[in-house]
Amino acid sequence: MTEIPKAYEPKTVEDKWYQQWTESGCFTADPARVSASRPAYSIVIPPPNVTGVLTLGHVLNNTIQDILARKARMDGKEVLWLPGTDHAGIATQTVVERTLKKAGEIRHRDDLGREKFLEKVWQWKTEKGGIIIQQLKKIGASCDWDRERFTMDPAYSHCVQRVFVDLYKKGLIYRGKRMVNWCPVSLTALSDEEVVMKEQKGFMYHFRVEVAELPGTFLTIATTRPETIPADTAVAVNPKDPRYQHLVGKHVLRALPVELPREARLIPIIADEHVDFEFGTGVLKVTPAHDKADFEIGLRHGLPVMDILTPDGRMTAEAGPDLAGLDRFAARKKSAEILEAHGALEKAEPYVNNVGFSERADVPIEPRLSEQWFLKYPSTDEARTVVGSGRMRFFPERWAKVYDNWMGGLQDWCISRQLWWGHRVPIWRLTSDRPEFAAVESSLSQGQFGAHGDFSWSGQAGQTTRIQRKVHPTDGPFLEAATDSAAEAARLESAGFVQDADVLDTWFSSWLWPFATMGWTGNPEEDRQNPWLKAFYPTTDLVTGPDIIFFWVARMIMAGYEYMGAEPFRNVYFTGIIRDKQGRKMSKSLGNSPDPLDLISTYGADALRFGVMRSAPLGQDILFDEQAVELGRNFCNKLWNACRFRQMQNLGPDTVEAEIDPALLSSDDRWILIRLDQAIREVTDALAGYNFSEATSVLYRFFWSEYCDWFIEASKAALVRPEDVATAAPEVLRLAQNKVAVIDFILSNTLRLFHPFLPFITEELWHGLGYQNDLPEDRGALTIMRATWPKPFSDEEREYFGLDETADRVATTKYALVTLGRTLKVQVNVPSNKRVPFIFRPSGTLPAAELEVLRLLLNAESLTVAGPEWAAAKGTPTACNELGEIFLPATGLVDAVAERTRLNKEIEKARVEIKKVEDKLGNPSFVQKVPPAVLAEHQNRLAEWQAKLRQLETSVAELPA
RNA sequence: GCGAGGUUAGCUCAGUGGUAGAGCACUUGCUUCACACGCAAGGGGUCGCAGGUUCGAAACCUGCACCUCGCACCA
C-alpha cells in the first residue's frame, strides 16, 4: 500500500481481489478436508432464474449468505456455498419466444416445433443466460463456482426423473382430470401457489330466469360472470331457504344463448348446502366447467360439465352466435347487453371482488377442467414436526407458524405444465388407437404388467420400466410406462410408445436442490459413499425470502426427508422484502428498482453491502434508500483513512510485530481494548442470532464513534511525527511504539470483524498494513478470509492488560469533560480551530500523559493545572465532572445574555431531574422494595445533579449583570 | 372471516421493568498536519389511544384505533 490515495477507490481493489480469490481457490470446498477440527459448513444458494438479472433482493439475500460463509471460514470451517440457477420454465420459454419473434425468426413456437425450439432455448441459455452469476461476483459472493449447477444439467434432470418415477410408483403421483388454475396467456396449468388474489372492480349483474314449470314465476340470480351463463347446468338454492324450497326439483330456462329451443335451455333447480342464502339473491348459477366450487356441486349432483371457453380464454360456438369467438371480457359485456335487450337484466351494480391472477402473466386465471399430473406430498409428518418441534429453526420464528399452517392444509400439487422448456414428464403411453397396441399388449407377459413390478425391457442391467394397463374414461385402454432410464425410453419409443407432452413445474426440480446438486443418485449405497453428501448434507443455513416459503422451503424439507432421510438444512433465515422509500414493492413498471450494478459503480460493492445490511433488521421489510449506500461508502472511506493514518506512523521497521507492553498502557489504550472486547462479543452474538443490522451498527459505533472519534485523536498525544523520530527521546519513542502496537492490535481485529461485511476493502487493508505477515498460510497469510475470527479477552488477558472498571471510567470521564470544555468554547464563540488556554483543576491527581491527552482533545493552546487554593476570576466560564473542573479564561468574549439564558435552561433541566429522583427516593415503598443497586444508582444520580446544579448556580451568579 | 407483524425524533429504525437511543435530515461553527465521503457543538420525542399490573411501564396484561402482509373466500 504505497502512495495511498486520500479516498478509497473501490473499483480496482474489487476486481483485483475477486480475481485473486478465485484463482487461489479460496472459495473452493473440499470434502476431504472436513474433519473434527475443521467442521463442514454449507449453504445452497436459492437458485435465481437463469433469465434473471441482479436485483436488490438478490443483493440482500446473497450478501447475507456471503457473510455467513466468510464468517464460517474465519471460524475455521470447511465451507461449501453452492451456486447455480434454475431453468424457470415459463419465464425462459417466454423470453426466448419473444426474442425469436422480435427477430422475425418465428411467429409462434409451433413454427419451429418442439425440438428446434428447445435448441434455440439452449442456445439462448449458453449465450445470454446466467448473467446473474457474473453479477453475483460483483458483490463479492464467495460461492464455489466449480460446483455451479443448473436445474437442467443432465445429472440434475436425471434426479428429477428419478424422483418423479419413484413417487409415481409409490402412488403419490397420479394423473387426473381436475379443476386447475389455467393461465390463458401462458396456456398452461399453474399450481395454487402461483395464483395471487387481487381485488377487481367489476359489476354484480342481477338477471332473471323463468321457472319452466311455473310460467310467470321468475328467479333472480346474481353473478359477476354473465358470460358463463351458457355453461350453466343448474341453478342451486340452499335446502333450508324457505323462499325457494318449493322450487327444488323444478327447472328454469337458462338465459343464454337465447337462440336455443326451450327444451335445450332447461336446467334443474337443485338444493345444495354450499349456497349462502344471505348472499346475493340466494340463488346460485352453477357452472361446473368454469368455477371450482361449482364443479364440486356438479359432482355432488351429477351435473353435466359444459365447457364454453377455449384455452386462450375465448368463447366457443356453444356460447351462441353472439358470443362465439369473443374474448372472455368482451363476452362479459356482450352477454350483459343481450340480457338487457331481452329484459332479463334487472340491474348491474358496481362490485369489488377478489379474482385469482396468474402471478407471472398477471392476468386473471381461468378455473379449467383439464388432465394434469398431481402429487400428494410425501414425508409431510417429518417435515411438519421438524419445524414444529424447533429442531429446525426459522428466523424470525414467526414463519414457523405460517409454515405449520400451510402444512396443515396441504392440497395436492399440480406439477404438470403445458410448456416445452423443462423436465419432460417421464411417462410414455401406448394408446389403443395405435397399430402397435395389440401386439405390444400381448407380447408383454402377464408378470410384466402391474402396479408393483418393474422389468428391464432394454436388457441393460439396472434399467427398468414399469408398465401398467389402464383405461382412460373417454379414450379407452392404453399402456402407461414409467422409467427414468434413457435406454428403456428408447426401447419404449421404438415400440410405439409416446412420451407425455407436458413438462414439470420448475419447483418440482428446485425442491431437490440441496441434494441433487451434490450428486445424489437415489442409490443408497452410492449416496452413502458420496463425499459431498457425506460432508455437506444436511446443509447448515438456508437464506431466502418468505415469499417462497411454500413454493420452495416447505417442499425442500419434504423432499429432504423423502430422499435423504434427513432435513435439508438446520436453520432457515427469512430476509425481509426490499421496498422503495415509500414502502412500495420494487417493480419494473414503477421504475423504482435501482440497478445494483449502478450502485456498485457509484459507491463500491462494500458500500452497497454495508448499506443494505445496515438497513435490514431481522424480520422487517426493508425500505431501501440510496442514502444507506452512501453511508456505506462514507464508512469505507473512514475505515480507509483510519488505516492510512496508521500507515503514516513510521517509527522504524517491523513495528507491526511489536508486542503490547501493559506497563506502558494509558487509560485510552485500556478503554479502547475494553470497547473492542465489547464489540467482538456483540458482533459475534449478533451474527449467531442472524441480527445482521445489529452487527453493522455495533461495528459502526465501535469504529467510528469510539475508535476514530476518541482513540485516534487521543493517540496523537503519544505518537511521534516522522520528522521527529530521529530526535525523540527513547522513552517517548517507546511510548509511541506501544501506541502503534495498540493501534495494530485494534485494526487487525477490526478488519477481521469487518471482513464478512466488507470483504474487498478489508482484504486490501489487511495486506496493505502487513497484518498477514507471519500468519500460517491457511490462517490469514493468504487471505483475511481465513484469518481467525476475533475472540473476546480471557480473564487472564484482561488482568494482564489491566482492563478494569477504573481504566474505563477514567477515560470515559475524561472524554465527557472534553465535551464540556468544547461546549464552553462554543459558548464563548471561540471557533473550534482556534487554540485558547484552558485551566484545569483536577479532583485527584492525573499523570502528565493524561493531561496532555486532555489538552489535545480540547485543542487547547495550553492546559494549566491549578491547585485547590486557586480561584478563577469572577465570571470565568467553567464546567466540571468527577475528573475535575475546567476553566476557560476567555477575555470578555462571553455574551452574558446568551450565557445566562443557556445556564438558566440547564438549571431548569437539573431541577427537573432532581425533582424526579427526589420524588422517587421520597416514596417509602420505592426505598423499601427496590433492589439495592438501583437505589444506590438513584442516590448517585441525585448527588451528581445536585453538584451540577450548584456549579451552574455559581456560574450564573458570577455573570456580569 | 382466520392468522401474523407493526404504530418510539421530520424520515428509516434500535430499545425484554430502573436517567428515551442511532443513522440520515436540520441549525451553528470549522479546509485543526487520516478522512469535507470530514471535524466539533446543538435543536428536536405527553414512545398510537384507554384502562390495568408494579415502588417504577416505551417495554408486561386487557380492550380499542389505524397501517402492512399472509391464508381462506360469497356467486
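For this structure, a couple of remarks:
- Those residues of segment A:812-837 which are without any contact (Cβ under 8 Å) to a residue 40 or more places away in the chain and closer than 20 Å to residue A:850 by Cβ, in sequence order: A:819, A:822, A:835
- One residue stands out in segment A:812-823 among those that are more than 9 Å from RNA strand B (Cβ to nearest atom) and buried (at least 19 other Cβ atoms within 10 Å of the Cβ): the one that is nearest to residue A:903 (Cα to Cα), namely A:817.
- Which listed residue is surrounded by fewer than 18 Cβ atoms within 10 Å (Cβ to Cβ) and more than 15 Å from RNA strand B (Cβ to nearest atom), from A:617, A:662: A:662
- Taken over segment A:37-75, the criterion of being basic (Lys, Arg) and either under 20 Å from residue A:695 (Cβ atoms) or in the same structural domain as residue A:759 (by TED's automatic domain parsing) (or both) is satisfied by A:70, A:71, A:73.
- Residues in segment A:469-488 include at least one that is farther than 30 Å from residue A:50 by Cα, in a loop (DSSP other than H, G, I, E, B), touching a residue at least 24 places away in the same chain (Cβ under 8 Å) and open to solvent by 40 Å² or more (accessible area, probe 1.4 Å).
- Filtered residue count, segment A:620-634, keeping only those that are within 16 Å of residue A:11 (Cα to Cα) and either small (Gly, Ala, Ser) or more than 6 Å from RNA strand B (Cβ to nearest atom) (or both): 3
- Members of segment A:635-648 that are over 20 Å from residue A:693 (Cα atoms) and either more than 7 Å from RNA strand B (Cβ to nearest atom) or outside any helix (DSSP H, G or I) (or both): A:640, A:643, A:646, A:647, A:648
- Near pairs, Cβ below 9 angstrom, 6+ apart or cross-chain, from segment A:212-235 (farther than 23 Å from residue A:310 by Cβ) to any residue that is away from RNA strand B (no atom under 16 Å from the Cβ) and of a type in the set (A, V, I, L, M, F, W, C): A:212/A:253; A:212/A:266; A:217/A:211; A:218/A:211; A:219/A:211
- Count of segment A:536-561 residues, restricted to those that are open to solvent by less than 20 Å² (accessible area, probe 1.4 Å) and in contact with a Lys or Arg (Cβ under 8 Å, 6 or more places away or on another chain), is 2.
- The single residue among A:573, A:603 that is modelled with pLDDT under 95, more than 12 Å from RNA strand B (Cβ to nearest atom), under 23 Å from residue A:52 (Cβ atoms) and open to solvent by less than 50 Å² (accessible area, probe 1.4 Å) turns out to be A:573.
- All of (1) part of a loop (DSSP other than H, G, I, E, B); (2) in contact with a strand residue (DSSP E or B) (Cβ under 8 Å, 6 or more places away or on another chain) hold for residue A:612 with one exception: (1).
- When segment A:576-600 is limited to residues that are without any contact (Cβ under 8 Å) to a residue 12 or more places away in the chain and not in a loop (DSSP other than H, G, I, E, B), the one that is farthest from RNA strand B (Cβ to nearest atom) turns out to be A:598.
- In segment A:881-900 there is no residue that is surrounded by 12 or more Cβ atoms within 10 Å (Cβ to Cβ), near RNA strand B (Cβ under 10 Å from one of its atoms) and of a type outside the set (Asp, Glu).
- Residue within segment A:795-811 that is more than 13 Å from RNA strand B (Cβ to nearest atom), in contact (Cβ under 8 Å) with a residue 60 or more places away in the chain and aromatic (Phe, Trp, Tyr) present: yes
- Qualifying residue in segment A:205-215 (condition: modelled with pLDDT under 90 and more than 48 Å from the chain's Cα centre (by Cα)): yes
- Selection count, segment A:903-933, where residues are more than 16 Å from residue A:943 (Cα to Cα) and either near RNA strand B (Cβ under 7 Å from one of its atoms) or of a type in the set (Val, Ile, Thr) (or both): 7
- The condition of being under 36 Å from the mean Cα position of the chain (by Cα) and either farther than 30 Å from residue A:612 by Cα or within 11 Å of RNA strand B (Cβ to nearest atom) (or both) holds for only one of A:721, A:701, that being A:701.
- First in segment A:522-535 and free of Cβ contacts under 8 Å to residues at least 40 places away in the same chain and more than 18 Å from residue A:165 (Cα to Cα), second anywhere and open to solvent by 90 Å² or more (accessible area, probe 1.4 Å) and assigned to a helix (DSSP H, G or I), Cβ under 8 Å, 6 or more apart: A:528/A:534
- The lone criterion from (1) in a helix (DSSP H, G or I); (2) touching a residue at least 40 places away in the same chain (Cβ under 8 Å); (3) within 16 Å of RNA strand B (Cβ to nearest atom) left unmet by residue A:394 is number (1).
- Matching residues in segment A:680-698 - criterion: being touching a strand residue (DSSP E or B) at 6+ places or on another chain (Cβ under 8 Å) and within 11 Å of RNA strand B (Cβ to nearest atom): A:689
- Hey, residue A:389 more than 16 Å from RNA strand B (Cβ to nearest atom), touching a Phe, Trp or Tyr at 6+ places or on another chain (Cβ under 8 Å) and among the hydroxyl-bearing types (Ser, Thr, Tyr) or not: no
- Considering residues of segment A:78-101 that are more than 15 Å from residue A:508 (Cα to Cα) and among the hydrophobic types (A, V, I, L, M, F, W, C) only, the residue farthest from the chain's Cα centre (by Cα): A:100
- Considering A:847, A:831, the condition of being open to solvent by 40 Å² or more (accessible area, probe 1.4 Å) and more than 16 Å from RNA strand B (Cβ to nearest atom) is satisfied by A:847 alone.
The values are calculated or read from the model by the stated rules, or taken from the named source; none is laboratory data. All figures in this text were calculated on a predicted structure; none of them were measured in a lab. Methodologically, a virtual Cβ is constructed for each residue, glycine included, from the backbone with ideal geometry; neighbour enumeration extends over all protein chains shown. SASA here: full protein model, heavy atoms, side chains in, ligands and nucleic acids out. Shrake-Rupley method; radii C 1.70, N 1.55, O 1.52, S 1.80 Å.
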